[in-house]
1. Which of the chymotrypsin sites (Phe, Trp or Tyr not before Pro) across region 94-167 are loop residues per DSSP, with 16 or fewer other Cβ within 10 Å?
2. Between E200 and T1139, what FRET efficiency comes out of the Förster formula 1/(1 + (r/R0)^6) with R0 = 51 Å and r the beta carbon distance, rounded to 0.05?
3. Leaving ligands, DNA and RNA out of it, report the carbon-plus-sulfur percent of the accessible area of region 242-326 at a 1.4 Å probe.
4. Would you mind checking the radius of gyration and Dmax of region 266-335 based on alpha-carbon positions, in Å?
5. Full-extension gain between E1049 and D207, please, as 0.36 nm times their residue separation minus the C-alpha to C-alpha distance.
6. Projecting each Cα onto the charge dipole of region 859-923 (Lys/Arg +1, Asp/Glu -1 at the beta carbon, about the Cα centre), which of P923, L889, T860 comes out farthest on the positive side?
7. I'd like the distance separating the alpha-carbon centroids of region 82-128 and region 839-859, in whole Å.
8. Between Rg and the Kirkwood Rh of region 147-229, both from Cα atoms, what is the Rg to Rh ratio?
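The values are calculated or read from the model by the stated rules, or taken from the named source; none is laboratory data. The shown structure was predicted, so the numbers you read here are calculated from the model rather than taken from an experiment. Counting neighbours? That spans all protein chains shown, and the Cβs are built from the backbone with ideal geometry, glycine included. For accessibility, only protein heavy atoms count, side chains too; no ligands or nucleic acids. Shrake-Rupley method; radii C 1.70, N 1.55, O 1.52, S 1.80 Å.
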Amino acid sequence: MNGNYNLRSRGQDLEARYGKLPWTACSRPHRISTSGKDQAQTRLDAIGCHPSRWVYELLNNDFLSCDLVDRARAGQLPAPFDTSHAHRLVNSGKQSHRWATRTITSTLCLDCHFHFIIRTSWHQAHVSTLCSKAHAEWVPFEDRPCFHHLAYAGTEPGDVIDAERQDGSNVVSREMFACTAAQCTYTVTVDVCEPRLSTEMLELLQDEDTILKALNTARENEPDRYQVATDEWAKQAPLNLNTYLRNMLEDPPEKQKTISKRNKRFAVVFGPRCFDLFRYLGFAEEITLTENGVDEGSFISEYPPRPADAWGPTEIGSRRAFIEDARSEVQALIHKKGVTFDEAQKPQFVNALIHELLGVEEILNLGDNELVQSHSHQLIGVVPGLHKIAIVNAYFQQWNLIPSRRQELIVALALVAQNHPDETLAEYAATQDSVYGAVASPGSPLGKALALLGLAPPNTYDYGEIMAAYRQKLFEDPASISDLREALMALATDCQKEDMQLRLVVEGGGESMTADTAMAVLGCPDAVTPIQWLGAAEHRLEKAEDPRAKPALLQAIQTLVSDNDDPLIRDRWLRMNSIHASGTSSNVPIWEQPGDVALPVGLSNIGNTCYLNSLLQYLFTVKPVRDIVTNYEAYQLEMDDKTLEERRLGANKMKLDRAEAVVSQVFVKELGALFESLVTSDKKAQKPTQRLANAVLLDTNDLLQGAHSEAEARAPPLPARPSPASPSRDVPTGTADGQEAASNASTAVDDESSPEVTHAEDASEDVIMEDVEPSIEEKVQKALEVQKRSSGTEQQDAEEVIGRIINRLQAAIRPTGVDEATGIQLEKIIETFFLTTVNYTKKFDDTAYQTEISYDRSITAFPAADGSCSLEEALGRNFDLQVLEDSRLLRYTAIRQLPPVLHVLIQRTQSNGTKNMHPVVIPEELSLDKFMDAQHDSEEFTRRSKGWALSQRLQDVNRTLNQTVKSNEGSAALLSAAVASVGSTEDAEMVDESEEDWTFDGPVDEDFMIVNPEDAVGKGPPAPPEDLAAAENELNGMIQAEGQELVAELDSLYAGASENVYRLEAVICHRGQAASGHYWVWIYDFEDGLWRHYNDEAVEVKESTEQVLSELNTKGEPYYLCYVRDSDKEKWVEVPKRTMVREI
């Protein structure tokens, strides 16, 4: 097992092993996590079973741990036959196959025609730790499982199944199972699929009376034509359809057959009553009507394409698989009629095959053995007839899965042994019962400790299980920390493993607390940010009803704060401790605390707004933005209808509605006020208003809907009815001193209690009552005040938020002109941030590229899939030439025009929702010349094409280096392959191709072909050198040297090119998951020549660019880069100083 299990002696005395309960004589191996295993082991009903029992339960609709077949039945499917029987499964079509790490077995029940698709899979990297019969010995070792132990891991959600069915799938239920052995990655998935042919279709094929009547009618009308027809035709519809489907599947496209509707056999056996069946099966129909209205057309079989790999299986869900399934169901009908098939079409029963795939042998006639349904066999997860080693192997696995039922397991083992022919199993079961009785006394200190932690005796738990129980109990009742620590000490005293004993003493023997325990006490996952766990801590302290719980909570916070050097975090901790430890309170918020005026002002987090704070601090340094918001009157868009109608935003020339304009103007004014405070304040931090946050973070429609809901909920007082005369402006009359009056009302109705409702002039006029509808301005202003954002752990993406900010700024200002070529309305924002790119695409056979012009506020860089890369390499994955083989396309992107301020998004979120955390090396100075647009017949384009080739080779080299560095286990194999490769190229003249040796060491699947010429024995690539480490270093050095040469050659391509050079001004960083975590920003001050780190309220200085870039370039935290054109950067960016600093 290559050392994957603990290295204790395997020669232990057999009697000693009889006297040990499971997992008390060995350490538990490192657990390899899989999603299926994790789901299985978190289920309350996770009872697993030996593969033989699993197959029995599948075939007999009798799963103990899931309702697979019952739920399939509950769908009230139009199944042709009853499903309440033991399934007889046969192979269906050519959909079954084995690969290196997975299998698919597509089966059909001969009796009910339900399809069962069984998939197995495992991880290639952990093949050596799979359960294996090679480990079998008596008594088996717990950490060397001989057989898989399958537990139910869950069902596919209904919406996924529904989506597949809409695409033509016949699946009605999908259930997942996983082997629960610690280091096994084996999983099984079962799709239960309804029959392809409905009850009505099968009745058509078996309606012999109707077919016989049609035959007799044909004999009467055309006696000469049907003189050779026999009554047997009435029984042959399934046989005939099977032939048609076989021809469709096996004949090549050019030889597909046509079935004339006038064909004498087809006309009577099928005829018009079966036309819908043939259409359903995919036969193309031709209709040819005679003068008498008789259809003399035909059905043409349409060839379902074979898989791309001629030797591969039919793809599940394809049209070919559909035809194969239907044909299998027809063949099942034929088989049940007792018709003899030729060997190629005879049903292939797959019970033995399924057992083989699961690593066990089939036990026959289980249905006749009453013991298979006994409680003892069900609880241990076995069937009668298994070897004693398999039974004890299952007993070990169940011991871990259902610890609360261990005493039941020992009783069940004794009952199973009682009916087993091997007496040694009964001896082993009796010994287990005796040992358990001696160690599981509930009155002992150990028994009390286990009970306090909620663990069932005996103490066979590993450190992780004990700590999980301890932390859960501590979270539920922090006041019980003393008792729980005593329980840990009792378990430590009983522990025989020195390292585990020491770790338990560290947790239970003092007043300290580990960080993991502290996180658990606060109820936080270990990946949350300090801001988040501080919020959770404050909430728990405030809600703690038992004052004895507060010391444990405060200790947890202190543990986490001691590992954090952020002064903001420490300040919050001190305030928290003063409130809850001594009863005194300091109510001075951080934005009221005096600050260091030499530093910029921080921004307080007003509810998970670290991403917004980071962006606002950066935009504060962009001169055009600052100019717009602090001198807004010079840029403000007029709000008359004509101006709004004519305003078009951005390159897409989007219309601007009034609500968007109002929200945008509020945002700009709020931002201007905030920016003004950042230069005049003497405090440590400023608090952005909720109006500002709402204006940029909430969608305008959500704002208005929220305002409407709030208005209804608050039931404001009703306003006076307006006079019949139309008001002169778009707001209700009746306001005083220019302030809002009764704008909260959504309707106006008569109120007899109000004297203002009745007007003298109304009595003589027929007045139509109208609702008083607040203006858009009033709705927006109100919504910005009352609307609440969710501030729990939800975060918006910083790139999306800066897009919203830019959109708000554009919508708030008037254009300065119109581009004559494009019709785009120009203004300060689009001139500052937007670049023009050209996307080039052409098919392989075309001579000219198709072009598409885009206007974007940023460019995207893609990190490497493995290891670090430069920013230029990451940008190359966006701009460089791509060859799309499947679509037969070439495409690349070029920059046509650059803005003065350039944003670069490092695309870390991947398609599966995870983050790519590989570092991107960020340069202080970035040249974009190599990505600029060029004519295809120019020297510049030739140079760029050469750069594409060099970049591709450099990516290959870097990928090889990263894989080499990551993999130490495979270094010898890598070196051998490299030596073989070198030998085969350098000595090509000496090698005879006919002497290649294709043998290899390892399991061989039956669908692999091995070629081993006799005359090749003893020949092959040169043996690897003895000093593998030295040779490997030499090889890595060669690869690194090539990489350096490629970098040098790439650099030389654009040496001296300095037309489009940008300097790094800001880096917005993110730590955490794709949808949560924490943001901060680094900003460079060109005037002072230093970096500042902005983390909400905290602002720190770091003068060394080298140190800052070193920190940024070794982690996957940089997310959004802000560059400024180097030639005139002073015109575009500047870090403003506080007023008092400027005066000094």
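1. Working: sites: W99, F114, F116, W122, W138, F141, F147, Y152; in loops: W99, F114, W122, W138, F141, F147.
In loop regions of region 94-167 (DSSP not H, G, I, E or B), the sparsely surrounded chymotrypsin sites (Phe, Trp or Tyr not before Pro) are W99, W138.
2. Details: r = 86 Å, r/R0 = 1.68.
Taking R0 as 51 Å, the efficiency between T1139 and E200 is 0.05.
3. On the way: 2260 of 4490 Å².
Accessible surface attributable to carbon and sulfur in region 242-326 totals 50 percent.
4. For region 266-335, the Cα radius of gyration and maximum Cα-Cα distance read 15.5, 50 Å.
5. Details: separation 842, 0.36 × 842 = 303.12 nm, distance 7.86 nm.
So the chain would gain 295.3 nm between E1049 and D207.
6. In region 859-923, that residue is T860.
7. Going from one Cα centre to the other spans 46 Å.
8. Values: Rg = 24.6 Å, Rh = 17.4 Å.
When Rh is taken as the Kirkwood radius, the ratio is 1.41.
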